[in-house]
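Engineer: Okay, here's the structure, questions in a sec.
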Amino acid sequence: MRLNKFYISGRIGISLVLIFLVSCKIEKSISSQKKELTDLVYPLLDTENSRWFFFSSASRPFGMVNLNPDTEIKGDWGGGYKYTTDTIKGFSHVHEWQMSALSVMPVTITTENSANIFSDFYSKFSHESEKIFPGYHSVILDRYQIKAELTSTKRVGFHRYTFPNSAHKAILFNLNMILGPCENTNGKLEKNNDYELSGSLVLSTNFRRPKPLTVYFKIKFNEPVTSIERNETTGNYLVNFGRPKDKILMKAGISYTSLENAANNIQQELSQWDFEKTVSDSKAEWNNLLGRIKVEGGTETDQRRFYTDLWHALQGRKIISDANGAYPDNSGEKFRIGQLPLDANGKPKFNHYNSDAFWGAQWTINTLWGLVYPEVMDEFVHSLMQYYKDSGMIPRGPSGGNDTYVMTGASTTPFIVSAIQKGIVKDDLEAMYVALKKNHMLNGIMGKAGYEHNTNLGGGLKYYIEKGYVPYPIPEGDFGSHQDGASQTLEYAYQDWTLAQLAKKLNHHEDYDYFMNRSKNYQNVFDKTTSWMRPKNVEGKWRENYDPYQYENGFIESNGAQSTWFVPHDIDGLATLMGGKEKAVEKLNKQFETAKELKFTSGTSHDAELHPEFSRIPINFGNQPSIQTSFIFNSLGRPDLTQYWTRSVIKETFSGLSPATGYNGDEDQGLMGSLNVLLKIGLFQMNGGTDKEAEYQIGSPSFTKVSIQLNPDYYKGKNFVIEAPNNSIENVYINGIRWNNTTLEKFTIPHSTVTNGGKLILEMSNKAKQ
């Protein structure tokens, strides 16, 4: 998801020799110790293709603070931890959608560097001396010979710096700088006593997040501060310690509401000074969540990649509320501090979240969170409703307490409807329906294009309602990004269908008929003469000289060939338009055969999608619009092709384990990690789990056994197990399915059946079932 796009002609990836050396180092390090699931995670995956919020090593799941070394500090794309940059420019605490904050750098002061330390403080480092696992990151700063170690709680960063014995020890607080997607300004730091500091900075505005946000922080040390210096040129600070003990411990509590709440976050979450205990606690939290899914079989690399994918699925989208439930509300004319509802023990009933868009979530976190982490889905639904209570609109990508209006449509509708249909959310359904319906009507969020803050025209909703499609171009002009009418039409039609399912559940029969009728609007942008989705102008004329392989020619971050299949709610209807299921199968299969030549993606990074050759790929598993396509064959009566092509995509695209590869596109805060997990366990939900039965489509798993621990607070069953005992690289086809000793004829299974617990046994073969 992006606005500014730059043509990149391609790049030379990491050399085969370096890949071999890195892989050898991975296997050696993990084989020499007892394996925990956190040990299986490979955090360096795809870090050559960095993005500000892509990599957060020293973090807790969904933590407000998410620490890591920053090797690139300017810009969202290419910012943060980039593997191929050998220089550390600070350790910052917030790596989040349109947010950053509090960069610090431990240094040693000498006669030679004292005059220029505020402008010349970067340090080289080596990956050879680096150690990373979920919740922990350590590295040696070569310039200073300082060992920097990072860990955290949800809201508090914890640092341990080991300095050379006789060095003059200091820490730079670089509070005023461009840091990732925004500029940190007006940074202030003051000494409260010899062991404590307080400070704040302001995240300046940008076109995605047009309101400033103040970040407050409380700092505590285990050693006394001797002095603080402020540099007039930069406005940054140097905190001096003189020559105390070798190790300096530092806690940094963050809050978006007040200094008092920053201090309280430390008191609530990190009152002790035991660094090793905090690391151990973080590993335990990660192991617990990763351990909800246990896999057996496959290679060690397969398992490592699986748990790395799962780690990504749980590290995006960060908390913004304090331990006491205070949170920033930036949705009104004036900033206010909101308060989450508290339970009988005085604890917040849920956390409040910052989040990139839910665009594509119907095929990713909807299913993964809904099955394995229902408590997370529950929290996010209530967080989204809190935004509605504050602003009058459910957001699709909030940052800093207000919506950024990233991407298009009402992408949170399928997410919330899925949570309701699965029984995860049971209360206040009428209020939720009212809120969701508002987004689908004029002056709702469907009327806004990407980052369209002050108008409601870029979404083309009035045309969609009146004419049954969104024209391309929109005649009034440009108001935001992604004003791509054909894609918008397809997206709205699907989202209308999901809302119709909730209307039916709540007995709003007229609304059900109305939104079901709108859900057929996808038919209005299907050109039967070419058998492709095709943009129309406002007069209803097809786009002339139309090329279905031209990128973003009326389609959002895709081409017409890829987006033609974006009808997840009515595959049968789409097939009818194409002349029947056989023709649809033939068409889609040919697209896969062509896409295989480019490994099913538009290059190795999101920007590479603009490459003239890569962008013409007919199926792209590097971005959200067509990541569902291998499971469409199930709906077309050819589950064998779902099995074959899904396993092919996994093998060619999502099996790598190096800094040079990983998601081959736009990972978007765990969406692609979630997709990978689902493809590899062999479960999918074409309509995002929004129908009454919320069925799963059964695919070909990568492992011989998958055991999913079910949350007893939400589901009756204890475990859901998938067994494929004779699974292998060759045996990708399913010749028979049994559920608790009952034969299943269809390649589907209801959510209610799965969550009651039981065993799904798959008979695998190297030949498709006839």
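The values are calculated or read from the model by the stated rules, or taken from the named source; none is laboratory data. For clarity, every value in this text was computed on a predicted model and none was experimentally measured. Reconstructed Cβ throughout: ideal geometry from the backbone, glycine too, with neighbour counts over all protein chains shown.
Engineer: When residue 714 is evaluated against the numbered criteria (1) in a loop (DSSP other than H, G, I, E, B); (2) surrounded by fewer than 14 Cβ atoms within 10 Å (Cβ to Cβ), which criterion, by number, is the only one it fails?
Structural biologist: (2)
Engineer: Here is a follow-up. Can you tell me which residues in segment 101-118 are surrounded by fewer than 18 Cβ atoms within 10 Å (Cβ to Cβ) and either modelled with pLDDT under 95 or in a loop (DSSP other than H, G, I, E, B) (or both)?
Structural biologist: Our first condition is that a residue be surrounded by fewer than 18 Cβ atoms within 10 Å (Cβ to Cβ); within segment 101-118, this holds for 109-116.
Within segment 101-118, 110, 111, 112, 113, 114, 115, 116 qualify.
Engineer: Do you know which residues across segment 126-140 are assigned to a loop (DSSP other than H, G, I, E, B) and surrounded by 20 or more Cβ atoms within 10 Å (Cβ to Cβ)?
Structural biologist: Looking only at segment 126-140, we keep the residues that are assigned to a loop (DSSP other than H, G, I, E, B), and these are 126, 130, 134-135.
Result: 134, 135.
Engineer: When segment 403-424 is examined, which residues are found to be of a type in the set (Val, Ile, Thr), in a helix (DSSP H, G or I) and within 16 Å of the chain's Cα centre (by Cα)?
Structural biologist: The first filter runs over segment 403-424 and keeps only residues of a type in the set (Val, Ile, Thr), leaving 404, 406, 408, 412-413, 416-417, 420, 424.
Still in the running and in a helix (DSSP H, G or I): 412-413, 416-417, 420.
Within segment 403-424, just 412 meets the criteria.
Engineer: While we're looking at this one, here's another question. Search segment 621-642 for residues that are in contact (Cβ under 8 Å) with a residue 24 or more places away in the chain and on the phi > 0 side of the Ramachandran plot and pair each with any residue that is surrounded by fewer than 24 Cβ atoms within 10 Å (Cβ to Cβ) and of a type outside the set (S, T, N, Q) when their beta-carbon atoms are under 8 Å apart and the residues are at least 6 apart or on different chains.
Structural biologist: If the second residue must be surrounded by fewer than 24 Cβ atoms within 10 Å (Cβ to Cβ) and of a type outside the set (S, T, N, Q), the pairs left are 637/581; 637/585.
Engineer: I'd like to verify a number: residues in segment 666-707 that are in contact with a helix residue (DSSP H, G or I) (Cβ under 6 Å, 6 or more places away or on another chain), part of a strand (DSSP E or B) and not polar (S, T, N, Q), how many?
Structural biologist: Qualifying residue count, segment 666-707: 2.
Engineer: Report those helices (runs of 4 or more DSSP H) wholly inside segment 214-326 carrying at least 3 residues which are under 30 Å from residue 700 (Cα atoms). Can you show your working first?
Structural biologist: Working: elements: 259-269, 275-290, 300-313.
The helices (runs of 4 or more DSSP H) meeting that bar are 275-290, 300-313.
Engineer: I've got another one for you. Within the group 320, 365, 394, which residue is within 30 Å of residue 410 (Cβ to Cβ) and outside the structural domain of residue 443 (by TED's automatic domain parsing)? Spell out the reasoning first.
Structural biologist: Numbers: 365 fails: outside the structural domain of residue 443 (by TED's automatic domain parsing); 394 fails: outside the structural domain of residue 443 (by TED's automatic domain parsing).
Only one candidate passes the filter, namely 320.
Engineer: I would also like to ask the following. Looking at this structure, is residue 62 surrounded by fewer than 24 Cβ atoms within 10 Å (Cβ to Cβ), aromatic (Phe, Trp, Tyr) and either in contact with a strand residue (DSSP E or B) (Cβ under 8 Å, 6 or more places away or on another chain) or under 16 Å from residue 279 (Cα atoms) (or both)?
Structural biologist: Details: surrounded by fewer than 24 Cβ atoms within 10 Å (Cβ to Cβ): yes; aromatic (Phe, Trp, Tyr): yes; either in contact with a strand residue (DSSP E or B) (Cβ under 8 Å, 6 or more places away or on another chain) or under 16 Å from residue 279 (Cα atoms) (or both): yes.
So residue 62 passes the test.
Engineer: Can you find a residue that is within 15 Å of the chain's Cα centre (by Cα), of a type outside the set (Val, Ile, Thr) and either within 24 Å of residue 548 (Cβ to Cβ) or part of a helix (DSSP H, G or I) (or both) anywhere in segment 656-665? Steps first, answer last, please.
Structural biologist: First pass over segment 656-665, keeping only residues within 15 Å of the chain's Cα centre (by Cα): 662-665.
Remaining after also requiring of a type outside the set (Val, Ile, Thr): 662-665.
Going one step further and asking which of them are either within 24 Å of residue 548 (Cβ to Cβ) or part of a helix (DSSP H, G or I) (or both), we end up with 664-665.
Yes, segment 656-665 has at least one match.
Engineer: Could you tell me which residue of segment 734-760 is surrounded by the most Cβ atoms within 10 Å (Cβ to Cβ), considering only residues that are closer than 22 Å to residue 633 by Cβ and touching a Lys or Arg at 6+ places or on another chain (Cβ under 6 Å)?
Structural biologist: Per the stated criteria, the residue is 751.
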